[in-house]
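To keep things clear, I will list the structure first and then write my remarks on it.
The values are calculated or read from the model by the stated rules, or taken from the named source; none is laboratory data. Keep in mind that what you see is a predicted model, and the values were worked out from it rather than measured. Don't worry about glycine lacking a Cβ; one is built from the backbone with ideal geometry, like all the others, and counts go over all protein chains shown. Please note that ligands, DNA and RNA were not included when accessible areas were found on the heavy atoms of the full protein model with its side chains. Shrake-Rupley method; radii C 1.70, N 1.55, O 1.52, S 1.80 Å.
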Amino acid sequence: MDSATLLARITDYENRPDPYPLYAELREAGPVVRQADGSYLIGTYHEIAALLHDPRMSADPRTRGEKTRTPPFLRLDDPEHHRLRTLAMRPFGPPHSPGRVDAMRGEIARLTKELMEPFQAGRQIDIVDDFAYPLPVTVICRLLGVPREDESLFQAWTEALVAMADIGPEEDTTERDRAGDQARIEMGRYLVDLAEQRRGHPSDDMLSAFVNEPEPALRLTQEELAETTILLFIAGHETTVNLITNGVLTLLRQPEHLDHLRRDPDLLPRAVEELLRYEPPVHMRERIPLADIDVAGTTIPEGATVVLVLASGNRDPRRFHEPDRFDPTRPDTEHLGFGSGIHLCYGAPLARLEAQAALGALIPHLGTARLVQDPPPYRQNAMLRGPRHLPVQL
């Protein structure tokens, strides 16, 4: 089949349940495969890893002359990226707030137990709606300081923003982008207003920490505060929902590994790393070369769209032994599930903690469970790939 149509086929919803044969086709045709729309796909591990660390590869859409508001730091290059990421990290992690994530262990355990109370033998549950979505959303709301009664506001905003960030061949995205821009305005306004209520009245949450920063040089502007907190909210739960759901799906499809983890729960941290390699929540990232760049003998021109297919790199047989086999005891799991380089996922420690807690609580209840639908219905998004629902009979 024509390799120039690979991106169109990968992003075709019909292939959402199993894009991995297309990733194998990409690696076979690559390392670099030019698409009919002029973009370039890269699906081999070593080339992806090198480009994620290459300062000539930009994450900022404005480098192509696109007129857009200042993006969140996920879509910025250094030095702007480094400045904003550093400011965002101050109330979240080391060195300024080293205990923030670890202090959530008790809260995560309590929420997990609370969500599992209705899980009784003989019942049918939806792993997404009943567990994998509400857990990380509640956790990120607690961290930011969003009142519980307002949590429901965020689902529609988040869905619109995530849809706008999807990757695919050229198509008319006018309506999608309009809805995403409106969601960004409304969500940003809500979070900034909530933060302003804490100004001068500090409490133990991240919004409060941002607006009560005593050092003027370390304060975010209102626009930066809006973009940063929107990013934290979305990054703080979207990938984790997929990680938990993909993990349950993988284990129910491979009951021998489910049984192994039930007998040896100490393997769980390694199993989560293997899930991040085998069924990662993020499948692709987009970059723009700041100059002509040579990749494995192919010159990619300045300003082109480069799609790094992280999930394909995670299955590259030149990097991993038997890459299409899920092995929770695998000793080498240096995956691309959280990206790499300066844009390595900001929320990775929290995602790992939540996935370990969630799967650790679920596994004892899944021994006799069965999938009601396989494959389950998937979300439209090809970049953030995961089931929209995962009905399970307990």
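Some values worked out for this structure:
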read-out	value
Rounded percent of accessible protein surface that carbon and sulfur make up, the stretch 159-252, 1.4 Å probe	50 percent
Cα-based shape type of the stretch 276-394, given that a ≥ b ≥ c are square roots of the gyration tensor eigenvalues and the cut on a/c is 1.5	prolate
The chain, accessible area per residue, ligands and nucleic acids excluded (1.4 Å, Å²)	43 Å²
Protein-only accessible surface order, largest first, of His260, His335 at 1.4 Å	His260, His335
Under 5 Å, built H, 5+ apart or other chain: amide partners of Val295	Ile300
Additional length obtainable on full extension of the chain from Asn212 to Asp2, 0.36 nm per residue less Cα span	70.0 nm
Highest-MSF residue in the chain out of His237, His46, His201 [GNM, Cα springs under 10 Å]	His201
FRET E, pair Thr174, Asp18, Förster distance 30 Å, beta-carbon r, rounded to 0.05	0.45
Highest-fluctuation residue, Phe154, Phe233, Phe73 considered, GNM on the chain with Cα pairs under 10 Å	Phe154
Efficiency of FRET between Asp54 and Arg148 - r from beta-carbon atoms, R0 56 angstrom, step 0.05	0.80
Part-to-part distance (alpha-carbon centres) for the stretch 180-229 and the stretch 346-394, which is given in Å	31 Å
Projected label distance in nm at Leu267 and Leu290, using a 7 Å step from Cα toward the beta-carbon	4.5 nm
Extension gain (nm, one decimal) between Glu66 and Arg219, 0.36 nm per residue minus Cα-Cα	52.3 nm
Modelled FRET efficiency - R0 56 Å, Thr299 with Val372, Cβ distances, 0.05 increments	0.65
Whole-angstrom gap from the stretch 113-141 to the stretch 35-69, using each part's C-alpha centre	37 Å
